[in-house]
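Just below is one structure, and these are the notes that go with it.
The values are calculated or read from the model by the stated rules, or taken from the named source; none is laboratory data. All values reported here derive from a predicted model rather than from experimental measurement. Positions of Cβ are generated from backbone atoms using ideal geometry, with glycine treated the same way; all protein chains shown enter the neighbour counts.
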Amino acid sequence: MNNAQKEVIAWWYGRRDYRSGIALLSRYCRNKTIINTLSKHGKEKFQPSVKKLHYEVTKAVQLNWLNMPDDVVLDKTRQDEKESLADIPPGKTQEEEKNIPSETSFPSEQRKKSGDENQYPRVIRRLKYEYSNLYNKRSQLHKSMGNVEQTNTDKNNQLRSDFLNEIKSISKQLEFYFGFLEKYETAGTIPEETEIWPPVKKQVPEEPKTYPELKKLMWSLKSEQSKDGFRLLYQQRTKAEKENPMPKGSKRDVIELRMKLREIKLKEILALIEKMENAD
């Protein structure tokens, strides 16, 4: 646990007042737009921004606001945080300082402390579960991206690009989930499950019926088969000068399974083509 995370944990389990939260956000968040927006809302005591601040401050130091670690911050760190909270800026009286809302805990945290998490509605439990999983997955992706060699080769650049795209996709999903969780925590609004996870309509593709359609599908399957073969042999979609086999693992397993299923489909298509040709 680094010093930034310790500071945020001390704030989280302390008074968690808005002014100190903005100070932490200014220190560790790179998005100046978010900082400016929350700073303005805070002056108006705009309630939804309080929850948004909690989310952004913990996110800025790679913590999950829905699954915060226990309060194991060193005594010195906690003391420093208390001292910083005690400082009143010039022009602000002690009486004004007392009127700043502390917003010490969510209703969800009160349930967690009482060990009564099962009182959550089913849709909220699922939201929290999926949010937590996505958050952890994004943290793992950040770590994997950081482990990519700094040399700007085509392979390394592609790896970083793939990681970054997946991280962005997860971040959008987290923001989407956060909106529903925030409404539940602030207003008790329980969303409809279909509003978050719309039912997926299974689209069954039409099977090719004519000879030209079968030939077109055959060449498409062969092309995809070749690309996957190159991925296994060179770790890219095209042939390279030197072989660089993909190591054993989940990624290789997925590609090999995909190739086996595609091979079965190819045999079916070729049999239909041969049948049509012999019929002529």
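Contact map, region 120-142: first residue assigned by TED's automatic domain parsing to the domain that holds residue 161, second residue modelled with pLDDT of 85 or more and among the polar types (S, T, N, Q), Cβ cut-off under 8 Å, separation 6 or more or different chains; pairs are 134/173; 138/171; 139/62; 142/62. Of the helices (runs of 4 or more DSSP H) lying entirely inside region 176-280, those containing at least 1 residues that are at pLDDT 90 or above span 211-234, 250-279. Taken over region 116-145, the criterion of being outside any helix (DSSP H, G or I) and closer than 14 Å to residue 181 by Cα is satisfied by 120, 121. Scanning region 246-268 for residues that are of a type in the set (Gly, Ala, Ser) and either more than 30 Å from residue 210 (Cα to Cα) or in contact (Cβ under 8 Å) with a residue 12 or more places away in the chain (or both) turns up at least one hit. For region 245-280, taking the residues that are over 31 Å from the mean Cα position of the chain (by Cα) and small (Gly, Ala, Ser), the one that is surrounded by the most Cβ atoms within 10 Å (Cβ to Cβ) is identified as 271. So, residue 88, is that one modelled with pLDDT under 90, β-branched (Val, Ile, Thr), more than 21 Å from the chain's Cα centre (by Cα) and not assigned by TED's automatic domain parsing to the domain that holds residue 237 or not? So residue 88 fits the description; yes.
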